[in-house]
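Here is the structure we will look at.
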Amino acid sequence: MKVLTHRLWHTIKGSLGQFLGMAVIIAVGISLYIGITTAFFNLGQSQEAFYKDNNFADYYFYVVRAPESIIRQVEAVPGVTLVTGRIQKDIPVFKDNQERATVRLTSYPLPIENEVNSIQLLDGRLFSEYPADGGIEVLVDPGYFDANKLAFGDTINIVAENKKYPVKVVGTATGPEFTYIMKDASNMVPDYETFGIMMVPHNQSQELFNLPGQVNQVIVQLAPGADIDQAVKAIKDILAPYGNLASFPRKDQLSHAALDAELSGLDAISGFLPLIFLSIAAGIQFVILRRMIKTQRTQIGIMKAIGFDNRQIIFHFSSYAIMVCVVGATAGIVFGIFMASVFSDMYAMFFNLPQAIGGINYEVILYSLMLSLGVGVLAGFTASRPILSISPAESMRSLPPSKSSRSLLENLPGFWNKLSSSWKMAFRTISRNRLRLLLTMAGIVSAVALLIVSMFTNDAVDYMMDQHFNQESSYDYMLHFNQPVKESELLNISRLEGVELIEGIFSLPVRVHYNSRTSEDLLMGINPSNTLKHPAKENGVVIPVPDEGVIISRKSAERLGLKVGDAVQVETLLGMGQAHYADIKITAINYQLFGNESYVSLQQANKILNESNLLTGAVMKVDSVYASYIESELSDMTGINSIVSRQKERDNIMSLMDSMIYMVSTMIMFSVILGFVIIYNSVVMSFNERKRELASLLTIGFTRKEVSSIMWKETIPQAIPSILLGLPAGRLLAELYFGSVEFDMWYMPVIIYPSSYVLAALGGLVFVLLGQWVAGRGIQKLDIIELSKNMD
Amino acid sequence: MDTEVLMKLNNVTKSYVMGEVTVEALKETTLDIYSGELLVILGPSGSGKSTLLNIIGGMDKPSSGEIIFKDRNLSKASDHELTLFRRNEIGFVFQFYNLISDLTAGENVELAASLVKNPLTSQEVLTQVGLADRIDHFPSQLSGGEQQRISIARAMVKNPTLLLCDEPTGALDYQTGKTILGLLKKAQELMGRTIIIVTHNTAIGEIADRVVRMRSGSIAEISLNESPVPPERIEW
Ligand SMILES: Nc1ncnc2c1ncn2[C@@H]1O[C@H](COP(=O)(O)OP(=O)(O)O)[C@@H](O)[C@H]1O
Ligand SMILES: [Mg+2]
């Protein structure tokens, strides 16, 4: 057996380039598998543990206000296992630097542990219900804490019911509903500086909002297997007298939806991405082994004649593939563990999960080892099958020159006859090795497709940003007032120096009723002549707002099965006074990428409330020179609840994109490696097979350059169509990927700019050139003297 | 026989350095090659025949010495100059035919023809080797002897000054081998080509105008053959 081991080493050394190439592809596949799967496992596990430890709510009910006593009633509903009543409101914060922020003040009855959506203290200490100094103690989420450079003991000025209160920060905490902190779905990314979560004892919030003995949210956990519809209906009935503003299941909870979308995205790529690399590696192993067995037919015959049995010989050849996989898997595991830690760091940055996401997942490593060995064994044994049919006697006869088959192109004599001999040779060589051709093309197509996939997120985000910031809306600031104001109030703001344009908006939370089904929505009232904010069609073109009727959000349209022309009933959910009802006709559907609001005219919004000329906020465009001046002036105005700066939003998105650059460049590198190895292998195989033929060309008087151009002619007809094919394949892959990510908060279009296609095609050319160049160096070493080494 | 010297080798040596050991494949060798002659180089295996032929054909550079081809000093030629020399002046035939398996017989010949300015037509040379009817066959569809004839046609289509054959019959059976030698002889007689055949088969020496005998890297003897025997009459 020692001899065979020695022979294996010899074979590996003789094909070192190919051996390492395959090993690298396996390594890439395995490291992707480990990186992504570990991230998926760990993220999923830490989500699950976090949800379990903190009793993550199954259902949310928002009311105007309800006495705490209804909690008992809700608890009595069959299927309900745990109920918590609390107060949650978004309120303004005045920062020391005169800037504004918004915090989502959330109350917690003490002790917290057994409540729905309890929180976990991360740092500092828990608030006390009755601090010794008589003030208010709060916890904030770590993102807000860090972004605003807070310290424990610091005071924050909040505004509740039009009164300013100083509150003391005593710690940081997170909860299962705060894993991804965004104000609402109209934000693309969190902005920790201007939006945070503030946690206070329940008694304090009741005082702050003047809601003694009351709550404005009821959150529940349901028994597994309970009749959810029945239970939800029963709870809604209990809450009906208290102004049911909204009710939604866990899957519509924003941070959960974001986390789940990430998980489903990881799940999707954890399969297909490694699969691409591993199956191409398996393919290369297969064709290399088949070729090896063919050329070593005589040696196999001799081995059989000496007395080795089939099993030993098959195992010997298969061990080549297995060695490739062992080397590849080893490197892949090392790099995979590194990648897993990079992923974990990234997710730790994105999501507020208290348990560490990181850590080596030995199970995944074990799977990856099995996976790669499986690839080696499969490729090895299937490729080795022909060994069985080699008979020692027959194998001694020398093999006739490899059979040539005519190329399909020869059916086009007009074209074929114009070709030079070297082109004819190239086409025939290609068509003789169908399997290799198929593999090479599949490899190039995959590599180019992966290049597209690596680059397209950038395009999609760029497109979305353009839509969001330039097409659908072009304002610089959006303001919300504490309560509706008369249109004339805007004059105060428009008088500020640098304000170029100000337009009133009326945002009206509503419940849309249609065929006894409902969907909560936000009516955005704007003046039909407004220019700073618009609804948009599917292709991004803005839709003018009608004087009467509603441009319904895509979300509601999909949930309720609405089409243009249908009439819906809207019920206002203002949280104060009586609900108003109105019937409105749908004039269009709003495919705006973010926020996904429904649009009505200002007049229509007022009419629903039997009011006139009221606004709840404004959007404005300003001269950038005056931006900070205007910001600080606005911050001083007491009637303003929140100020959203789009520049900040844009900066946040850009910095998020910047953090993705490593991912993108790694993927680009992997794609190029894949393409390089596939070309390299194809050229080396073809070269090795025809060394003598090519050397004989040198004796005739071909220069090495000319011989190398013959090799090129073989690569070009395989590479160019594959690169071109890779472009639509990349688009398809991107669509498949997006289709697999379920996140209905945003509408992510598959946008690939022409420039990305061009870049991917160029990338394809680069790896083709590189692979050909490296493999083609063999031509320089081609020894013509070998030809005279005769058997005399 | 014409006595014009086509190529002159003066004190040519070739040694291969392999680590510590230096193999003197060719010791100081001086040889004139006459235009239009059929020269046979004989010698046992390893005696340096191929080395000598490769140096004559510009496939290899000598370690020392001088090679003059038609007043050109080839010993100082660059790789590229040697390539051009092979392209324009030399036709090679080997023991193994080394045809391009993905080109038909005709295309193999045309490929070589495409290299030079005034080639013969492939039809013409294939007729000369008696395979005009196999022009569209691939090497895999031809017997060894037929492949060797295609390889001769491929060498001749460039209309080379020198046709160099290294063991051209080595892989062929007796009868086929003789046919090949007949073809080479015909090429000399009808076309006036200079032909060098390297072989370990002493019987082949009988067809030569001159025989060079080699032993362990040097020329042991050069003998003139007053009446060469036609190839179909020799025996081994
Ligand atoms: N590339 C090489 N490296 C080292 N030794 C060589 C090389 N080529 C030939 N030789 C040696 O030179 C000698 C002559 O070889 P060669 O010319 O091929 O002999 P022949 O053709 O007469 O059989 C032999 O001993 C051979 O081993
Ligand atoms: Mg020899």
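The values are calculated or read from the model by the stated rules, or taken from the named source; none is laboratory data. Please read all numbers here as calculations on a predicted model, not as lab measurements. Don't worry about glycine lacking a Cβ; one is built from the backbone with ideal geometry, like all the others, and counts go over all protein chains shown.
Just one residue in the set A:Ser708, A:Ser682 is within 14 Å of chain B (Cβ to nearest Cβ) and hydroxyl-bearing (Ser, Thr, Tyr); that residue is A:Ser708. Look at (1) within 14 Å of chain A (Cβ to nearest Cβ); (2) more than 28 Å from B:Leu172 (Cβ to Cβ) and you find that B:Lys8 fails only one, number (1). Applying the set (1) within 14 Å of chain A (Cβ to nearest Cβ); (2) within 16 Å of ligand 1 (Cβ to nearest atom) to B:Leu172 leaves exactly one unmet item: (2). Filtering the range A:359-374 to residues that are over 17 Å from A:Ser270 (Cα atoms) and touching a residue at least 60 places away in the same chain (Cβ under 8 Å) leaves only A:Gly359. The set of residues from the range B:1-21 being under 15 Å from B:Asn54 (Cα atoms) and either within 21 Å of the chain's Cα centre (by Cα) or not in a strand (DSSP E or B) (or both) comprises B:Met7, B:Lys8, B:Leu9, B:Val12, B:Thr13, B:Lys14.
Give the residues of the range A:647-682 that are farther than 27 Å from A:Lys164 by Cβ and of a type in the set (Lys, Arg), sorted by residue number. Listed by number, the list holds a single entry, A:Arg650.
As a summary of the residue check, A:Thr703 satisfies the conditions (1) buried (at least 19 other Cβ atoms within 10 Å of the Cβ); (2) within 13 Å of chain B (Cβ to nearest Cβ) except for the one numbered (1).
The lone criterion from (1) surrounded by 18 or more Cβ atoms within 10 Å (Cβ to Cβ); (2) at positive phi left unmet by B:Glu37 is number (2). Pairs are defined by a Cβ separation below 7 Å, a sequence spacing of at least 6 or placement on different chains, a first member in the range A:1-16 that is not assigned by TED's automatic domain parsing to the domain that holds A:His316, and a second member that is of a type in the set (Val, Ile, Thr) and in a helix (DSSP H, G or I); no pair meets this definition.
Among the conditions (1) buried (at least 22 other Cβ atoms within 10 Å of the Cβ); (2) within 16 Å of B:Leu38 (Cβ to Cβ), B:Ser223 misses just one, which is (1).
Can you name every one of the helices (runs of 4 or more DSSP H) wholly within the range B:22-139 that holds 3 or more residues which are over 30 Å from A:Glu410 (Cα atoms), more than 16 Å from ligand 1 (Cβ to nearest atom) and within 13 Å of chain A (Cβ to nearest Cβ)?
Details: elements: B:49-56, B:79-89, B:105-113, B:122-128.
Because the criterion is at least 3 residues that are over 30 Å from A:Glu410 (Cα atoms), more than 16 Å from ligand 1 (Cβ to nearest atom) and within 13 Å of chain A (Cβ to nearest Cβ), the helices (runs of 4 or more DSSP H) in the range B:22-139 that meet it are B:79-89.
The conditions of being modelled with pLDDT under 90, among the hydrophobic types (A, V, I, L, M, F, W, C) and not assigned by TED's automatic domain parsing to the domain that holds A:Tyr62 are met by A:Val541.
A quick yes/no check of all residues on (1) free of Cβ contacts under 8 Å to residues at least 24 places away in the same chain; (2) over 14 Å from A:Ser107 (Cβ atoms):
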{"site": "A:Ala132", "(1), (2)": "yes, yes"}
{"site": "A:Glu137", "(1), (2)": "no, no"}
{"site": "A:Phe145", "(1), (2)": "no, yes"}
{"site": "A:Ala151", "(1), (2)": "yes, yes"}
{"site": "A:Ile156", "(1), (2)": "no, yes"}
{"site": "A:Glu161", "(1), (2)": "no, yes"}
{"site": "A:Lys168", "(1), (2)": "no, yes"}
{"site": "A:Thr174", "(1), (2)": "no, yes"}
{"site": "A:Tyr180", "(1), (2)": "no, yes"}
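The number of residues in the range B:162-206 that are within 16 Å of ligand 2 (Cβ to nearest atom), closer than 20 Å to B:Gly57 by Cα and crowded, with 22+ Cβ neighbours inside 10 Å comes to 10.
Whether a residue is within 22 Å of A:Leu523 (Cβ to Cβ) and surrounded by fewer than 22 Cβ atoms within 10 Å (Cβ to Cβ) was assessed, and A:Ser624 does not pass this test. Out of curiosity, is B:Asn159 surrounded by fewer than 24 Cβ atoms within 10 Å (Cβ to Cβ) and either among the charged types (D, E, K, R) or more than 15 Å from the chain's Cα centre (by Cα) (or both)? So B:Asn159 does not fit the description; no.
Taking every residue in the range A:777-790 that is more than 7 Å from chain B (Cβ to nearest Cβ) and pairing it with any residue that is within 14 Å of ligand 1 (Cβ to nearest atom) and modelled with pLDDT of 80 or more, at least 6 positions away or on another chain, the pairs with Cβ-Cβ distances below 9 Å are A:Leu782/A:Ala695; A:Asp783/A:Ala695; A:Glu786/A:Ala695; A:Lys789/B:Ser50. Applying the criterion of at least 1 residues that are at pLDDT 90 or above and touching a Gly at 6+ places or on another chain (Cβ under 6 Å) to the strands (runs of 3 or more DSSP E) found wholly in the range A:79-152 leaves A:100-108, A:120-124, A:137-140.
Of all residues in the range B:41-68, those satisfying the criterion of being over 18 Å from B:Tyr16 (Cβ atoms) and within 13 Å of ligand 2 (Cβ to nearest atom) are B:Ile41, B:Leu42, B:Pro44.
Within the range A:711-733, the set of residues being away from chain B (no Cβ under 14 Å) and among the hydrophobic types (A, V, I, L, M, F, W, C) comprises A:Trp712, A:Ile716, A:Ala719, A:Ile720, A:Ile723, A:Leu724, A:Leu725, A:Leu727, A:Ala729, A:Leu732, A:Leu733. When the range A:87-102 is limited to residues that are crowded, with 21+ Cβ neighbours inside 10 Å and touching a helix residue (DSSP H, G or I) at 6+ places or on another chain (Cβ under 7 Å), the one that is nearest to A:Glu631 (Cα to Cα) turns out to be A:Arg100. Just so you know, in the range A:608-621 the residues that are polar (S, T, N, Q) and in contact (Cβ under 8 Å) with a residue 60 or more places away in the chain include one that is surrounded by the fewest Cβ atoms within 10 Å (Cβ to Cβ), and it is A:Asn613.
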